[in-house]
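Structure, as structure tokens:
The values are calculated or read from the model by the stated rules, or taken from the named source; none is laboratory data. Given the structure is predicted, the values throughout are model-derived calculations rather than measurements. Cβ placement follows ideal geometry from the backbone for every residue including glycine, while neighbour counts extend to all protein chains displayed. The protein model used for the area step is the full one, side chains on, heavy atoms only, and it has no ligands, DNA or RNA in it. Shrake-Rupley method; radii C 1.70, N 1.55, O 1.52, S 1.80 Å.
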Amino acid sequence: MKIGLIKNYCFSLLICFLSFSTSAFAQEVGEIRQIANKMFEDMNSRDYDAILEMTHPKVFEIISKDQMKTVLKSTFEGGNEYSIEIPKETPDFKISKIFKESENNLSYAFITYDMTMKMTFHNQTFDDEAKKVMAGVMKSKDMDVTFISNNAMNVLMNNRMTIVLKDKVTKNKWVMINYDPDSPLFYQILSSVVLEKAKTYKQDLMLENKKKQEN
């Protein structure tokens, strides 16, 4: 009888634990979804200060906020050589599972999405051969290009990925950093664990999308 009571008690504890774990997980997913929506809202409104506020703090150990703000403005607004138009909309994004590491109390996840933009070059035109070269260069960066004139093109940026994470360094606050494996600075900010997982996740994402295209 006592054994039966103990088993029932342990089973009840297990149910409570699973319920708590599921609730905590759902809360974190909700938080990440809010972060993703806010990220796109801030991009659409060109609120660079808000974007910087959400950025991983280690970024500013390498580049100052003022310098980063200048980079953001040139990215979204272009400059003398070209201009960029990004539709003010929230793309259909997906959120990965939440990964956890006991070291530094680390939690992280990946937000993936496709984005479109229009690029117009002010001091340059492209003939047919130059268009092929440009399309090839952009394709190598997972971007599909359609020229709409000799100096303007629509660009589909495939499989973009943003990493969101929180740990002791961020004071348990969710922050973000764009996945950019071509930048040496990117490797100075994240741990090898996150870098490896991000690389694998991105490769799996691209492979899965390739299979869908073939079907």
- Item | Percentage relative contact order, the chain, counting C-alpha pairs under 8 Å, at least six apart | 17
- 10 Å-binned pair-distance histogram of the stretch 23-214 (Cα, whole percent): 8, 31, 36, 19, 5, 1
- Query: Can you list the trypsin sites (Lys or Arg not before Pro) in the stretch 91-150 that are in a DSSP coil and have 14 or fewer other beta carbons within 10 angstrom?
  - Reply: LYS97, LYS141
- Please calculate the 1.4 Å probe accessible area of ILE189, with all protein chains present, and give it to the nearest 10 Å². 10
- Task: Name the helices (complete DSSP H segments) of the chain with a Cα length along the long axis of 24 Å or more and a Kyte-Doolittle mean of at least -1.0, or state none.
- Result: 2-45
- What's the FRET efficiency of ILE84 with ASN105 using the Cβ-Cβ distance as r and R₀ = 35 Å, to the nearest 0.05? 0.35
- Note on the structure: Full extension between LYS199 and GLU214 adds, at 0.36 nm per residue less the Cα distance, a length in nm of 3.1 nm
- Amide N of the stretch 171-215 lying under 16 Å from the label point, which is placed 7 angstrom from the Cα of ILE63 along Cα→Cβ: 176-190
- Task: At 1.4 Å probe size, with every protein chain present, just tell me what the per residue accessible area of the stretch 23-214 comes to in Å².
- Result: 58
- Note on the structure: Asserting the computed 222 nm helical MRE of the chain (DSSP H runs at least 4 long, -39500 (n - 2.57) per run, divided by residue count, to nearest 500) equals -16500 deg cm²/dmol
- Candidate lysines - alpha carbon under 17 Å from LYS139, same-chain residues fewer than 8 apart omitted: LYS118, LYS131, LYS202, LYS210
- Leaving ligands, DNA and RNA out of it, report the carbon-plus-sulfur percent of the accessible area of the stretch 23-214 at a 1.4 Å probe. 49
